[in-house]
Amino acid sequence: MREFAGRIRRGGFDLQRCAECGAFLWPPRDACASCWSERLLWAPVSAAGTAIAATALHAPLDAFFRAHAPWRIGSVRLDEGPVVYAHFSRDVVEGGAVRMEARIDFAGRAVLIALAPDGGRLEDDGDLVDLISQRGGDNERS
Ligand SMILES: [Zn+2]
C-alpha cells in the first residue's frame, strides 16, 4: 500500500500487474492472486469502471465520517478487472459507469474515489473535498 500511495503522490493511478499472466491486482500483494508469481510490476490503468453496489454509512465510528454522514461508499469493477471499494460522489449510481481518482486523504491514507464520468469534478463535492483536505480530519476530532 505504501508503494501505491507514493504513486498517487506523484500523480499516477497505477495498479500492480502480474508479469507472468497479465492479471491486474488489488489490493497490492506480494504474489499474483491468479498464478502465484512474484514477478509483479506497476502499470497505469484507465481509471474507468462500473459501480456494482452503493451504500451509505449513517453512523460511522470515525469522527470525520460521522460529521459527514451519511457517507457514500461502494464497490466498483475496474475495466481492467479488479473489484475495489471506493468513496462515492453524490452523482454515482449503481450499475453506472464511473471514473476513478486515487488520492491521499486527510489522514495520509491512499483512497479511491468514484465519480460519475460526465458529472461534476471531485472539487465540486464538498464532502470529498474535505476527505482529501489536509484539515479535513480536524472536524470534531478534538
Ligand atoms: Zn499471475
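The values are calculated or read from the model by the stated rules, or taken from the named source; none is laboratory data. Remember, it's a predicted structure, so these values are computed and weren't measured experimentally. Here Cβ is always computed from backbone atoms with ideal geometry, including for glycine, and neighbour counts include all displayed protein chains.
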(message) If Val84 meets every condition in (1) under 18 Å from Met1 (Cβ atoms); (2) surrounded by fewer than 15 Cβ atoms within 10 Å (Cβ to Cβ); (3) of a type in the set (Val, Ile, Thr) apart from one, which number is that one?
(response) (2)
(request) Check off (1) closer than 28 Å to Gly126 by Cβ; (2) touching a Phe, Trp or Tyr at 6+ places or on another chain (Cβ under 8 Å) for Leu15 and give me the number that stays unchecked. (result) (1)
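Which of the following residues is under 28 Å from Ser133 (Cβ atoms), at pLDDT below 95 and not assigned by TED's automatic domain parsing to the domain that holds Leu131: Leu25, Leu15? Write out each step before concluding.
Numbers: Leu25 fails: under 28 Å from Ser133 (Cβ atoms).
Selected residue: Leu15, the only one of Leu25, Leu15 that is under 28 Å from Ser133 (Cβ atoms), at pLDDT below 95 and not assigned by TED's automatic domain parsing to the domain that holds Leu131.
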(message) Go through the range 21-56 and report how many residues are in contact (Cβ under 8 Å) with a residue 40 or more places away in the chain and among the small types (Gly, Ala, Ser).
(response) 7
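Tell me which residues, restricted to the range 36-48, are in contact with a Cys (Cβ under 9 Å, 6 or more places away or on another chain) and surrounded by 13 or more Cβ atoms within 10 Å (Cβ to Cβ). Quick ask: steps written out before the conclusion?
Here is the first cut: in the range 36-48, the ones in contact with a Cys (Cβ under 9 Å, 6 or more places away or on another chain) are 37-41.
Passing the criteria: Ser37, Leu40.
Working only within the range 13-34, note down all residues that are near the ligand (Cβ under 9 Å from one of its atoms) and either under 24 Å from Val76 (Cβ atoms) or under 23 Å from the mean Cα position of the chain (by Cα) (or both). Before you say what the answer is, go through the steps one by one.
Let us first name the residues in the range 13-34 that are near the ligand (Cβ under 9 Å from one of its atoms), namely 17-23, 25, 31-34.
Selection gives Arg17, Cys18, Cys21, Gly22, Ala23, Leu25, Ala31, Cys32, Ala33, Ser34.
Taking the condition without any contact (Cβ under 8 Å) to a residue 60 or more places away in the chain, of a type in the set (D, E, K, R) and either more than 16 Å from the ligand (Cβ to nearest atom) or in a strand (DSSP E or B) (or both), does Asp91 pass? Quick ask: steps written out before the conclusion?
Numbers: without any contact (Cβ under 8 Å) to a residue 60 or more places away in the chain: yes; of a type in the set (D, E, K, R): yes; either more than 16 Å from the ligand (Cβ to nearest atom) or in a strand (DSSP E or B) (or both): yes.
Against the criterion (without any contact (Cβ under 8 Å) to a residue 60 or more places away in the chain, of a type in the set (D, E, K, R) and either more than 16 Å from the ligand (Cβ to nearest atom) or in a strand (DSSP E or B) (or both)), Asp91 qualifies.
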(message) For the range 94-110, which positions are closer than 11 Å to Ile52 by Cα and surrounded by 14 or more Cβ atoms within 10 Å (Cβ to Cβ)?
(response) Gly96, Ala97, Val98
(message) Being surrounded by fewer than 17 Cβ atoms within 10 Å (Cβ to Cβ), of a type outside the set (A, V, I, L, M) and touching a residue at least 24 places away in the same chain (Cβ under 8 Å) is the filter here; which residues of the range 57-77 pass it?
(response) Arg66, Arg77
